[in-house]
Amino acid sequence: MDMTEIKRALDETFGAIKDSQNKTAEEIRAELKALADKVAGQDVNLIDLGQKLAGLSENGRRATKTDTIGEYFVKSDQFKALQGSGSAGRARVTLEGEQLKAVAPIYESIDPNKYPVYSQRLQEIRGPGQNTVWIRDLLPGGTTSSNLIEYPQEKVAQLNADYQTEGALKAQSDLSFEMKQTPVVTIAHWLLASRQVLDDAPMLQSYINSRMVYGLRMKEDKELLAGDGAAGHIGGLITEAMPFAPTDPLYNAADNIRMMMAQVQSYFYQPTFAVMNPMDWATLQLSKDANGEYLFGSPLAPITQRLWNLDVAATYAMPLGNALVGDARQSMVWDRQSVTVEVSREDRDNFVKNMVTILVEERLALSVFAQPAFAYGLLAAPVIPLGTSTGKSSKSAA
(Lines give C-alpha, C1' and ligand atoms only; values in the text may rest on other atoms or scores of the structure.)
Protein backbone atom coordinates (compact mmCIF):
# COMPACT_ATOMS: atom_id res chain seq x y z
CA MET A 1 0.00 0.00 0.00
CA ASP A 2 1.53 3.36 -1.06
CA MET A 3 1.19 6.74 0.63
CA THR A 4 -1.70 7.78 -1.59
CA GLU A 5 -3.86 4.81 -0.54
CA ILE A 6 -2.98 5.38 3.13
CA LYS A 7 -4.00 9.03 2.88
CA ARG A 8 -7.31 8.11 1.21
CA ALA A 9 -8.15 5.59 3.98
CA LEU A 10 -7.38 8.15 6.69
CA ASP A 11 -9.53 10.80 5.00
CA GLU A 12 -12.50 8.42 4.78
CA THR A 13 -12.20 7.37 8.42
CA PHE A 14 -11.70 10.85 9.90
CA GLY A 15 -14.23 12.30 7.49
CA ALA A 16 -16.94 10.02 8.91
CA ILE A 17 -15.90 11.03 12.40
CA LYS A 18 -16.06 14.73 11.46
CA ASP A 19 -19.52 14.21 9.92
CA SER A 20 -20.79 12.57 13.09
CA GLN A 21 -19.46 15.51 15.10
CA ASN A 22 -21.34 17.96 12.87
CA LYS A 23 -24.67 16.03 13.27
CA THR A 24 -27.17 17.45 15.68
CA ALA A 25 -28.41 15.58 18.70
CA GLU A 26 -31.80 15.19 17.05
CA GLU A 27 -30.31 13.46 14.02
CA ILE A 28 -28.36 11.06 16.21
CA ARG A 29 -31.53 10.23 18.23
CA ALA A 30 -33.43 9.53 15.03
CA GLU A 31 -30.77 7.10 13.79
CA LEU A 32 -30.67 5.30 17.15
CA LYS A 33 -34.47 4.94 17.18
CA ALA A 34 -34.46 3.46 13.68
CA LEU A 35 -31.79 0.98 14.76
CA ALA A 36 -33.77 0.04 17.90
CA ASP A 37 -36.94 -0.59 15.85
CA LYS A 38 -35.01 -2.87 13.52
CA VAL A 39 -33.56 -4.90 16.43
CA ALA A 40 -37.00 -5.16 18.07
CA GLY A 41 -38.41 -6.66 14.89
CA GLN A 42 -35.62 -9.23 14.84
CA ASP A 43 -36.38 -10.08 18.49
CA VAL A 44 -40.00 -10.86 17.61
CA ASN A 45 -38.85 -13.16 14.85
CA LEU A 46 -36.41 -14.88 17.19
CA ILE A 47 -39.09 -15.41 19.85
CA ASP A 48 -41.44 -16.84 17.25
CA LEU A 49 -38.65 -19.07 16.00
CA GLY A 50 -37.88 -20.32 19.53
CA GLN A 51 -41.54 -21.12 20.18
CA LYS A 52 -41.79 -23.09 16.97
CA LEU A 53 -38.66 -25.01 17.77
CA ALA A 54 -39.86 -25.71 21.29
CA GLY A 55 -43.20 -26.96 19.97
CA LEU A 56 -45.23 -24.25 21.79
CA SER A 57 -48.62 -23.04 20.61
CA GLU A 58 -49.72 -19.44 20.79
CA ASN A 59 -51.17 -20.14 24.26
CA GLY A 60 -47.84 -21.36 25.50
CA ARG A 61 -48.84 -25.04 25.48
CA ARG A 62 -46.80 -27.77 23.85
CA ALA A 63 -48.27 -28.89 20.56
CA THR A 64 -48.89 -32.59 20.13
CA LYS A 65 -47.59 -32.66 16.55
CA THR A 66 -44.02 -31.65 15.85
CA ASP A 67 -42.47 -30.62 12.58
CA THR A 68 -39.70 -32.62 11.07
CA ILE A 69 -36.43 -30.85 10.37
CA GLY A 70 -37.37 -30.56 6.69
CA GLU A 71 -40.83 -29.12 7.47
CA TYR A 72 -39.42 -26.56 9.87
CA PHE A 73 -36.76 -25.50 7.36
CA VAL A 74 -39.22 -24.72 4.53
CA LYS A 75 -41.34 -22.69 6.99
CA SER A 76 -38.41 -20.63 8.23
CA ASP A 77 -37.91 -16.93 7.37
CA GLN A 78 -34.45 -17.70 6.09
CA PHE A 79 -35.83 -20.10 3.46
CA LYS A 80 -38.57 -17.64 2.49
CA ALA A 81 -35.92 -14.93 2.06
CA LEU A 82 -34.00 -17.27 -0.22
CA GLN A 83 -37.11 -17.84 -2.33
CA GLY A 84 -37.94 -14.14 -2.59
CA SER A 85 -34.48 -12.82 -3.26
CA GLY A 86 -32.39 -13.54 -6.22
CA SER A 87 -29.27 -12.33 -4.45
CA ALA A 88 -29.38 -14.73 -1.46
CA GLY A 89 -27.11 -17.65 -2.05
CA ARG A 90 -28.24 -19.96 0.75
CA ALA A 91 -30.52 -20.29 3.78
CA ARG A 92 -29.33 -21.74 7.09
CA VAL A 93 -31.30 -22.79 10.20
CA THR A 94 -29.42 -23.87 13.33
CA LEU A 95 -31.12 -25.99 16.02
CA GLU A 96 -29.59 -26.01 19.46
CA GLY A 97 -30.37 -27.31 22.95
CA GLU A 98 -34.07 -27.51 23.77
CA GLN A 99 -35.00 -26.55 20.23
CA LEU A 100 -33.53 -29.78 18.94
CA LYS A 101 -35.67 -31.83 21.32
CA ALA A 102 -38.86 -30.43 19.87
CA VAL A 103 -38.10 -31.32 16.26
CA ALA A 104 -39.29 -34.75 15.13
CA PRO A 105 -36.91 -37.05 13.24
CA ILE A 106 -37.30 -37.24 9.50
CA TYR A 107 -38.25 -40.92 9.48
CA GLU A 108 -41.23 -41.06 11.90
CA SER A 109 -43.09 -39.23 14.64
CA ILE A 110 -41.86 -39.87 18.16
CA ASP A 111 -42.19 -38.33 21.59
CA PRO A 112 -40.87 -34.76 21.09
CA ASN A 113 -39.27 -34.88 24.53
CA LYS A 114 -36.85 -37.59 23.41
CA TYR A 115 -33.79 -37.28 21.25
CA PRO A 116 -33.77 -39.67 18.26
CA VAL A 117 -30.91 -42.05 19.12
CA TYR A 118 -29.64 -44.76 16.81
CA SER A 119 -29.33 -48.24 18.27
CA GLN A 120 -25.95 -49.92 18.63
CA ARG A 121 -25.80 -53.24 16.81
CA LEU A 122 -23.43 -55.97 18.01
CA GLN A 123 -21.94 -58.22 15.35
CA GLU A 124 -21.36 -61.22 17.60
CA ILE A 125 -24.19 -63.79 17.76
CA ARG A 126 -24.62 -65.32 21.19
CA GLY A 127 -26.41 -68.65 21.07
CA PRO A 128 -28.40 -70.34 23.83
CA GLY A 129 -26.94 -72.76 26.36
CA GLN A 130 -25.78 -76.06 24.92
CA ASN A 131 -25.44 -79.62 26.13
CA THR A 132 -21.88 -80.68 26.96
CA VAL A 133 -22.37 -84.34 27.98
CA TRP A 134 -22.69 -86.83 25.15
CA ILE A 135 -23.57 -90.54 25.33
CA ARG A 136 -21.40 -91.13 22.27
CA ASP A 137 -18.33 -90.07 24.25
CA LEU A 138 -18.90 -93.02 26.61
CA LEU A 139 -18.83 -95.64 23.86
CA PRO A 140 -16.03 -96.95 21.64
CA GLY A 141 -16.24 -96.04 17.96
CA GLY A 142 -15.35 -97.57 14.63
CA THR A 143 -15.95 -97.04 10.91
CA THR A 144 -17.67 -99.13 8.26
CA SER A 145 -18.04 -99.06 4.47
CA SER A 146 -21.25 -101.11 4.51
CA ASN A 147 -24.89 -100.33 5.22
CA LEU A 148 -25.33 -103.29 7.58
CA ILE A 149 -23.34 -104.53 10.56
CA GLU A 150 -23.57 -108.29 11.24
CA TYR A 151 -21.98 -110.12 14.14
CA PRO A 152 -22.42 -113.49 15.84
CA GLN A 153 -23.85 -113.49 19.35
CA GLU A 154 -23.88 -116.40 21.74
CA LYS A 155 -27.42 -117.70 22.09
CA VAL A 156 -27.20 -120.79 24.29
CA ALA A 157 -24.29 -122.06 26.37
CA GLN A 158 -24.25 -125.45 28.10
CA LEU A 159 -20.92 -125.81 29.85
CA ASN A 160 -21.02 -129.26 31.45
CA ALA A 161 -17.42 -129.82 32.50
CA ASP A 162 -17.31 -132.74 34.94
CA TYR A 163 -15.24 -135.63 36.25
CA GLN A 164 -14.59 -138.62 34.01
CA THR A 165 -14.53 -142.13 35.30
CA GLU A 166 -12.48 -144.77 33.52
CA GLY A 167 -14.32 -146.21 30.53
CA ALA A 168 -17.15 -143.65 30.69
CA LEU A 169 -17.87 -140.86 28.21
CA LYS A 170 -16.52 -137.47 28.99
CA ALA A 171 -19.02 -134.69 29.67
CA GLN A 172 -20.34 -132.85 26.62
CA SER A 173 -20.98 -129.13 26.40
CA ASP A 174 -22.79 -127.17 23.72
CA LEU A 175 -22.68 -123.62 22.38
CA SER A 176 -25.03 -122.07 19.80
CA PHE A 177 -24.86 -118.68 18.12
CA GLU A 178 -27.15 -116.42 16.16
CA MET A 179 -26.37 -113.63 13.71
CA LYS A 180 -27.33 -110.19 14.90
CA GLN A 181 -27.82 -107.33 12.46
CA THR A 182 -27.50 -103.61 13.00
CA PRO A 183 -28.52 -101.42 10.04
CA VAL A 184 -26.76 -98.18 9.25
CA VAL A 185 -29.27 -95.33 9.60
CA THR A 186 -29.32 -91.74 8.39
CA ILE A 187 -29.99 -88.76 10.64
CA ALA A 188 -30.30 -85.39 8.88
CA HIS A 189 -32.02 -82.01 8.76
CA TRP A 190 -31.90 -78.91 6.51
CA LEU A 191 -32.98 -75.28 6.29
CA LEU A 192 -33.27 -72.54 3.67
CA ALA A 193 -31.27 -69.32 3.89
CA SER A 194 -30.79 -66.22 1.77
CA ARG A 195 -27.68 -66.34 -0.37
CA GLN A 196 -27.23 -62.56 -0.12
CA VAL A 197 -27.41 -62.62 3.67
CA LEU A 198 -24.85 -65.40 3.90
CA ASP A 199 -22.56 -63.64 1.41
CA ASP A 200 -22.80 -60.38 3.35
CA ALA A 201 -22.50 -61.95 6.79
CA PRO A 202 -20.16 -64.96 6.67
CA MET A 203 -20.26 -65.16 10.46
CA LEU A 204 -23.98 -65.91 10.21
CA GLN A 205 -23.36 -68.95 8.00
CA SER A 206 -20.75 -70.21 10.46
CA TYR A 207 -23.25 -69.80 13.29
CA ILE A 208 -26.00 -71.58 11.34
CA ASN A 209 -23.68 -74.45 10.49
CA SER A 210 -22.63 -74.93 14.12
CA ARG A 211 -26.25 -74.79 15.35
CA MET A 212 -27.34 -77.31 12.73
CA VAL A 213 -24.52 -79.67 13.71
CA TYR A 214 -25.49 -79.25 17.36
CA GLY A 215 -29.10 -80.14 16.57
CA LEU A 216 -27.95 -83.26 14.77
CA ARG A 217 -25.80 -84.33 17.73
CA MET A 218 -28.72 -83.83 20.11
CA LYS A 219 -30.88 -86.19 18.05
CA GLU A 220 -28.02 -88.66 17.72
CA ASP A 221 -27.45 -88.66 21.48
CA LYS A 222 -31.11 -89.26 22.24
CA GLU A 223 -31.26 -92.18 19.80
CA LEU A 224 -28.03 -93.80 21.02
CA LEU A 225 -29.52 -93.80 24.50
CA ALA A 226 -33.22 -94.50 23.91
CA GLY A 227 -33.76 -95.32 20.21
CA ASP A 228 -36.68 -97.74 19.80
CA GLY A 229 -35.00 -99.98 17.22
CA ALA A 230 -37.89 -99.72 14.73
CA ALA A 231 -37.20 -99.96 10.99
CA GLY A 232 -34.69 -97.28 10.06
CA HIS A 233 -34.11 -96.40 13.74
CA ILE A 234 -31.27 -97.07 16.14
CA GLY A 235 -31.82 -99.61 18.89
CA GLY A 236 -30.51 -97.56 21.83
CA LEU A 237 -28.77 -98.72 24.99
CA ILE A 238 -31.97 -98.50 27.06
CA THR A 239 -33.90 -100.58 24.53
CA GLU A 240 -31.18 -103.24 24.38
CA ALA A 241 -30.33 -103.34 28.11
CA MET A 242 -31.54 -105.93 30.62
CA PRO A 243 -34.32 -104.49 32.83
CA PHE A 244 -33.54 -103.70 36.47
CA ALA A 245 -36.28 -103.57 39.09
CA PRO A 246 -35.43 -102.18 42.56
CA THR A 247 -37.05 -104.13 45.35
CA ASP A 248 -35.99 -102.52 48.62
CA PRO A 249 -37.90 -99.27 49.35
CA LEU A 250 -35.18 -98.26 51.83
CA TYR A 251 -32.53 -98.08 49.12
CA ASN A 252 -31.73 -94.63 47.74
CA ALA A 253 -30.46 -93.81 44.25
CA ALA A 254 -26.83 -94.56 45.11
CA ASP A 255 -27.83 -97.93 46.55
CA ASN A 256 -29.74 -98.93 43.42
CA ILE A 257 -26.89 -97.81 41.15
CA ARG A 258 -24.77 -100.32 43.08
CA MET A 259 -27.45 -102.98 42.62
CA MET A 260 -27.48 -102.34 38.87
CA MET A 261 -23.74 -102.85 38.89
CA ALA A 262 -24.25 -106.12 40.73
CA GLN A 263 -26.75 -107.27 38.13
CA VAL A 264 -24.26 -106.60 35.32
CA GLN A 265 -21.48 -108.26 37.27
CA SER A 266 -23.61 -111.34 37.79
CA TYR A 267 -23.21 -111.95 34.05
CA PHE A 268 -19.43 -111.45 34.43
CA TYR A 269 -19.28 -108.04 32.79
CA GLN A 270 -17.56 -105.08 34.43
CA PRO A 271 -19.51 -101.80 34.37
CA THR A 272 -17.58 -98.75 33.18
CA PHE A 273 -20.17 -95.94 33.36
CA ALA A 274 -23.52 -94.83 34.75
CA VAL A 275 -26.02 -92.41 33.17
CA MET A 276 -28.41 -90.30 35.25
CA ASN A 277 -30.64 -87.29 34.84
CA PRO A 278 -28.94 -84.11 36.18
CA MET A 279 -31.82 -83.57 38.63
CA ASP A 280 -31.31 -87.05 40.11
CA TRP A 281 -27.58 -86.45 40.41
CA ALA A 282 -28.27 -83.13 42.15
CA THR A 283 -30.58 -84.90 44.61
CA LEU A 284 -27.78 -87.30 45.47
CA GLN A 285 -25.33 -84.45 45.98
CA LEU A 286 -27.75 -82.88 48.47
CA SER A 287 -27.89 -86.01 50.63
CA LYS A 288 -26.97 -85.33 54.30
CA ASP A 289 -26.34 -87.40 57.39
CA ALA A 290 -28.12 -87.06 60.75
CA ASN A 291 -25.88 -84.10 61.63
CA GLY A 292 -26.72 -82.22 58.44
CA GLU A 293 -23.32 -82.88 56.86
CA TYR A 294 -23.20 -83.51 53.11
CA LEU A 295 -22.47 -87.13 52.17
CA PHE A 296 -21.07 -86.30 48.74
CA GLY A 297 -18.48 -83.61 49.33
CA SER A 298 -19.72 -80.10 50.14
CA PRO A 299 -20.72 -76.93 48.29
CA LEU A 300 -17.17 -75.62 48.87
CA ALA A 301 -15.47 -78.85 47.80
CA PRO A 302 -17.77 -80.78 45.45
CA ILE A 303 -16.70 -84.26 44.44
CA THR A 304 -16.23 -85.38 40.85
CA GLN A 305 -19.19 -87.10 39.21
CA ARG A 306 -18.36 -90.65 40.28
CA LEU A 307 -20.28 -93.36 42.10
CA TRP A 308 -18.81 -96.71 43.13
CA ASN A 309 -15.76 -95.95 40.96
CA LEU A 310 -17.93 -95.32 37.89
CA ASP A 311 -17.99 -92.11 35.88
CA VAL A 312 -21.49 -90.62 36.00
CA ALA A 313 -22.77 -88.91 32.85
CA ALA A 314 -25.55 -86.51 33.80
CA THR A 315 -27.70 -85.80 30.75
CA TYR A 316 -31.30 -84.71 30.25
CA ALA A 317 -31.61 -87.39 27.57
CA MET A 318 -32.07 -89.81 30.50
CA PRO A 319 -35.67 -89.90 31.82
CA LEU A 320 -36.02 -88.49 35.34
CA GLY A 321 -35.96 -91.14 38.06
CA ASN A 322 -34.15 -93.74 35.92
CA ALA A 323 -30.56 -94.77 35.36
CA LEU A 324 -28.42 -96.92 33.10
CA VAL A 325 -25.29 -98.83 34.09
CA GLY A 326 -23.20 -100.60 31.49
CA ASP A 327 -19.97 -102.05 30.22
CA ALA A 328 -19.07 -99.82 27.27
CA ARG A 329 -16.75 -102.48 25.84
CA GLN A 330 -19.79 -104.52 24.85
CA SER A 331 -20.99 -101.89 22.39
CA MET A 332 -19.74 -99.99 19.35
CA VAL A 333 -20.78 -96.90 17.39
CA TRP A 334 -20.11 -97.38 13.68
CA ASP A 335 -19.62 -94.36 11.40
CA ARG A 336 -20.57 -94.89 7.77
CA GLN A 337 -20.56 -91.14 7.08
CA SER A 338 -19.34 -88.62 9.62
CA VAL A 339 -21.28 -85.41 10.22
CA THR A 340 -21.18 -83.36 7.01
CA VAL A 341 -22.45 -79.88 6.14
CA GLU A 342 -23.48 -79.14 2.54
CA VAL A 343 -24.67 -75.87 1.01
CA SER A 344 -26.45 -76.06 -2.35
CA ARG A 345 -28.15 -73.62 -4.76
CA GLU A 346 -29.47 -76.48 -6.91
CA ASP A 347 -32.29 -77.51 -4.58
CA ARG A 348 -35.68 -76.90 -6.27
CA ASP A 349 -35.96 -73.20 -7.32
CA ASN A 350 -33.11 -71.91 -5.15
CA PHE A 351 -31.21 -70.55 -8.16
CA VAL A 352 -33.94 -68.15 -9.29
CA LYS A 353 -34.83 -67.14 -5.73
CA ASN A 354 -31.22 -66.56 -4.61
CA MET A 355 -31.67 -69.05 -1.78
CA VAL A 356 -29.40 -71.81 -0.53
CA THR A 357 -30.20 -75.06 1.22
CA ILE A 358 -27.99 -76.00 4.17
CA LEU A 359 -28.03 -79.75 4.82
CA VAL A 360 -26.43 -81.52 7.78
CA GLU A 361 -26.43 -85.31 7.96
CA GLU A 362 -24.63 -88.42 9.13
CA ARG A 363 -24.92 -92.20 8.78
CA LEU A 364 -24.16 -94.48 11.69
CA ALA A 365 -25.08 -97.67 13.51
CA LEU A 366 -24.96 -98.92 17.11
CA SER A 367 -24.13 -102.50 18.01
CA VAL A 368 -24.82 -103.93 21.47
CA PHE A 369 -22.91 -107.20 21.62
CA ALA A 370 -24.25 -108.40 24.97
CA GLN A 371 -27.55 -107.22 26.43
CA PRO A 372 -26.75 -108.38 30.01
CA ALA A 373 -23.76 -105.99 29.99
CA PHE A 374 -26.25 -103.15 30.46
CA ALA A 375 -28.90 -102.62 33.14
CA TYR A 376 -31.67 -100.02 33.05
CA GLY A 377 -34.35 -99.25 35.59
CA LEU A 378 -35.76 -97.04 38.34
CA LEU A 379 -33.58 -95.40 40.95
CA ALA A 380 -36.10 -96.11 43.73
CA ALA A 381 -38.61 -98.87 44.39
CA PRO A 382 -42.22 -97.81 43.82
CA VAL A 383 -43.95 -96.81 47.05
CA ILE A 384 -47.15 -98.79 47.69
CA PRO A 385 -49.76 -96.64 49.48
CA LEU A 386 -50.99 -97.90 52.83
CA GLY A 387 -54.12 -100.00 52.54
CA THR A 388 -53.37 -101.05 48.97
CA SER A 389 -53.16 -104.78 48.41
CA THR A 390 -50.77 -106.30 45.93
CA GLY A 391 -51.89 -108.90 43.43
CA LYS A 392 -50.10 -111.61 45.36
CA SER A 393 -51.76 -110.89 48.70
CA SER A 394 -55.19 -110.62 47.07
CA LYS A 395 -54.78 -114.03 45.53
CA SER A 396 -53.70 -115.53 48.86
CA ALA A 397 -56.71 -114.03 50.60
CA ALA A 398 -58.97 -115.61 48.02
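The values are calculated or read from the model by the stated rules, or taken from the named source; none is laboratory data. Note that this is a predicted model, so its numbers are computed, not measured. Counting neighbours? That spans all protein chains shown, and the Cβs are built from the backbone with ideal geometry, glycine included.
Considering only residues that are more than 32 Å from the chain's Cα centre (by Cα) and among the acidic types (Asp, Glu), look in region 277-301 and name the one that is nearest to Ala253 (Cα to Cα). This residue is Asp289.
To keep it simple, each residue is scored yes or no on (1) hydroxyl-bearing (Ser, Thr, Tyr); (2) closer than 19 Å to Leu139 by Cβ.
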| site | (1), (2) |
| --- | --- |
| Ala282 | no, no |
| Ala290 | no, no |
| Ser298 | yes, no |
| Asp311 | no, yes |
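For region 131-163, enumerate the residues that are without any contact (Cβ under 8 Å) to a residue 60 or more places away in the chain and in contact with a Leu (Cβ under 6 Å, 6 or more places away or on another chain). Ala157, the sole residue that qualifies. Leu378 fulfils the conditions (1) among the hydrophobic types (A, V, I, L, M, F, W, C); (2) at pLDDT below 85; (3) under 30 Å from Val333 (Cβ atoms) except for a single criterion, (2). The residue that is surrounded by the fewest Cβ atoms within 10 Å (Cβ to Cβ), counting only those in region 192-249 that are acidic (Asp, Glu) and touching a Gly at 6+ places or on another chain (Cβ under 9 Å), is Asp228.
Restricted to strands (runs of 3 or more DSSP E) entirely inside region 302-348, those with at least 1 residues that are farther than 30 Å from Gln181 by Cβ, without any contact (Cβ under 8 Å) to a residue 60 or more places away in the chain and within 28 Å of the chain's Cα centre (by Cα) are 310-314, 331-344.
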